[in-house]
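Engineer: I have a structure here, written as structure tokens, and I will follow up with some questions on it.
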Amino acid sequence: MITKARLKQLAAEHGTPLFVVDHDQLRENFATFRKYLPRVQPYYAVKANSDPAIVRTLYQEGASFDVASMPEFLNVYQNIAHLPQKERQAFIWDKIIYANPIKAIETLQELDKYKPLVTYDNIAELDKIQKYAPNAGVVLRLKVPNTGAMVELSSKFGASPGEAVDLILAAHERGLVCEGLSFHVGSQTTNVENYVQAISLAASVFEEAKERGYTKMNLLDIGGGFPAPYDETVKPFQELAAILNRELDRLFPKDVQIVAEPGRFMVATAATAVSKIIGKAIRDGKLCYYIDDGVYHTFSGVIFDHCHYHFSAFKDGPKAVASVFGPTCDALDVVSMTESLPTNLDIGDLLYSEKIGSYSAASSTWFNGFPPAKVIHIYQKDPLPTKGAKKASKKPAKALTPAAKTKVLTPKAKVAAKPAKAAKKAVAKKPAKKAAAKKRG
Ligand SMILES: Cc1ncc(COP(=O)(O)O)c(C=O)c1O
């Protein structure tokens, strides 16, 4: 795992601000998830950090993926573009879920040729899916309690349990197959009751659907929300996992496939930001440090994720409560008002913030002319070759830059990705998710 000395050395080599991604930690987080939730297949929520190198490492570890936009889909796709058509299609069906319940018509039109699994939570969306992505399988997103979650999601998405079975039958009436249910208990959920209630709600919807004659559901997607261990108030993952395992086994027979969409849990602890002090002042008697990274950049989670990051210094000294401000000429750029930091730090000294991998660099901007922090990957095993690298003929792998990304789907690849007529027919009957899961072993 990354040491202070290594961080310092990287800052000396690359300058600051830096965003250092530790791929050993990513692999460890993935392994922990699998170890404690053996029945649950993790679909990494790409939105938490869509860096293609992170997606690549998790792909290599055997992750599945939750994508919520076409670029996220293509980000994952570049890892499988070289596979034979049948295998590629199996991967898309079995290991990708398009989990944004609201999709633009253009997105559905583009998605349809990949025959993906997509979520929905209302009739208007179903009508769009029927018309523009009839080859998709569908999963109904349920509204569940998000009590106490750091980021609440239930006011934007989710069908109420009372209307759920009507929506499942509505999919059936439109020639679509509802493969199962999904929910999200809210991001950074430390209230395990949210999961317990959501699993129980989902079980009663499964039951009611059966009673009303619909028996095709064989998938439960328990979403994201798994808390990152930001501080000691977050209980060990295995405690949450033990409760989830118990409830899932109690309420869902083994032939129901259980998947999840962890984002934060996979990536939060896998990155550290290193920033430099560029200014120092005393304001109203309080020490203020100005750094070269801020809330419009790596620390965007302060605004968008309601997350509070902490700073550590490389230098020792007597400590006081200090404010930490970002570099922009904007009053909103306040990273923290309550950091305990040495008072003797000088311009040019470095600070670092750990556990900052999720919802941070992902929403960094160029505001005020300041570029996002440079991203450094350490302990990466088999990166996608960059543009012009010798392995390029091995396809895909040119997609580390936006321009290259668009190149991944060459017309040839697109044609290959189109479902053959026979395959289309098979889709009309819809491949059982269950069967696909079995293949995975
Ligand atoms: C549909 C969906 N799945 C998964 C996630 C990932 O959640 P988390 O990072 O809390 O695990 C999100 C986050 O917003 C989401 O909207």
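Values in this text are rule-based calculations from the coordinates and carry no lab data. Every value quoted in this text rests on a predicted model; they were computed, and no experiment measured them. Using ideal geometry, Cβ is built from the backbone for each residue, glycine included, and neighbour counts are taken over all protein chains shown.
Engineer: How large is the helix-only mean residue ellipticity at 222 nm for the chain, computed as the sum of -39500 (n - 2.57) over DSSP H runs with n ≥ 4, divided by its residue count, in deg cm²/dmol to the nearest 500? Before the final figure, lay out each step's value.
Structural biologist: Details: 16 runs with 159 residues, N = 441.
One gets -10500 deg cm²/dmol as the mean residue ellipticity at 222 nm.
Engineer: Now for a separate question. Could you work out how much longer the chain between ALA124 and LEU83 gets when fully extended? Use 0.36 nm per residue separation minus the Cα distance between them, nm to one decimal.
Structural biologist: On the way: separation 41, 0.36 × 41 = 14.76 nm, distance 3.50 nm.
Extra length available between ALA124 and LEU83 comes to 11.3 nm.
Engineer: Further question: Of all DSSP beta bridges located in the range 190-342, what percent are antiparallel, nearest 5? Don't skip to the answer; put the middle values down first.
Structural biologist: Numbers: 12 of 19 bridges.
The antiparallel fraction comes to roughly 65 percent.
Engineer: Quick one: compute the contact order of the chain, relative version, from alpha carbon pairs under 8 angstrom and 6+ residues apart, as a percent.
Structural biologist: 20
Engineer: Starting with the highest mean, order 153-162, 171-180 by the number of other Cβ atoms within 10 Å, averaged over the residues of each peptide.
Structural biologist: The densest-packed peptide leads the list: 171-180, 153-162.
Engineer: Sticking to Cα atoms, compute the Rg of the chain to one decimal and its Dmax as the biggest Cα-Cα distance, whole number, in Å.
Structural biologist: Looking at the chain, its Cα Rg and Dmax stand at 22.9, 74 Å.
Engineer: For the ranges 373-380, 296-303, what's the packing order if you count other beta-carbon atoms within 10 Å of each residue, average per peptide, and put the highest first?
Structural biologist: By packing density, highest mean first, the sequence is 296-303, 373-380.
Engineer: On to the next question. May I ask for the angle, rounded to the nearest 10°, between helix 161-173 and the longest principal axis of the chain, with both axes built from Cα atoms and the value confined to 0 to 90°?
Structural biologist: So the helix axis and the longest Cα principal axis differ by about 50 degrees.
Engineer: Do you know the relative contact order of the range 151-275, to the nearest whole percent, from alpha carbon pairs under 8 angstrom that are 6+ apart?
Structural biologist: Over the range 151-275, the number comes to 29 percent.
Engineer: Where the centroid of each part is defined by its Cα atoms, how far is the range 353-382 from the range 87-112 in Å?
Structural biologist: The distance from the Cα centre of the range 353-382 to that of the range 87-112 comes to 27 Å.
Engineer: Where both partners of a DSSP beta bridge lie in the chain, what percent of those bridges are antiparallel, to the nearest 5?
Structural biologist: 40
Engineer: So for each of 17-25, 221-229, 60-68, 188-196 I average, over its residues, the number of other beta carbons within 10 Å; can you give me the resulting order with the highest mean first?
Structural biologist: Ranked from most to least packed, the peptides come out as 221-229, 17-25, 60-68, 188-196.
Engineer: Evaluate the distance, in nm, between pseudo-label points positioned 7 Å from the Cα of GLU208 and of ILE278 along their respective Cα→Cβ axes.
Structural biologist: 5.5
Engineer: For the chain, find the longest principal axis of its Cα atoms and tell me its angle to the long axis of helix 192-211, 0 to 90°, nearest 10.
Structural biologist: 10
Engineer: Net charge within 12 Å of ASN29 by Cβ-Cβ distance, Lys/Arg positive one each and Asp/Glu negative one each, not counting ASN29 itself?
Structural biologist: Cβ neighbours under 12 Å give a net charge of +1.
Engineer: Quick one: 3J(HN,Hα) in Hz for the range 251-258, Karplus 6.51/-1.76/1.60 with θ = phi - 60°, rounded, Gly and Pro as x.
Structural biologist: Running phi through 6.51 cos²θ - 1.76 cosθ + 1.60 with θ = phi - 60° gives 10, 10, x, 4, 7, 8, 7, 10 Hz.
Engineer: May I pose another question? Considering Cα pairs under 8 angstrom that are at least six residues apart, work out the relative contact order of the range 1-130 and quote it in whole percent.
Structural biologist: RCO, the range 1-130: 18 percent.
Engineer: Ok, one more. Given LYS115/LYS374; LYS115/LYS143; LYS235/LYS381; LYS8/LYS47; LYS95/LYS143; LYS86/LYS210, which pairs have Cα atoms separated by over 27 Å?
Structural biologist: Among LYS115/LYS374; LYS115/LYS143; LYS235/LYS381; LYS8/LYS47; LYS95/LYS143; LYS86/LYS210, the Cα-Cα distance tops 27 Å for LYS115/LYS374; LYS235/LYS381; LYS8/LYS47; LYS86/LYS210.
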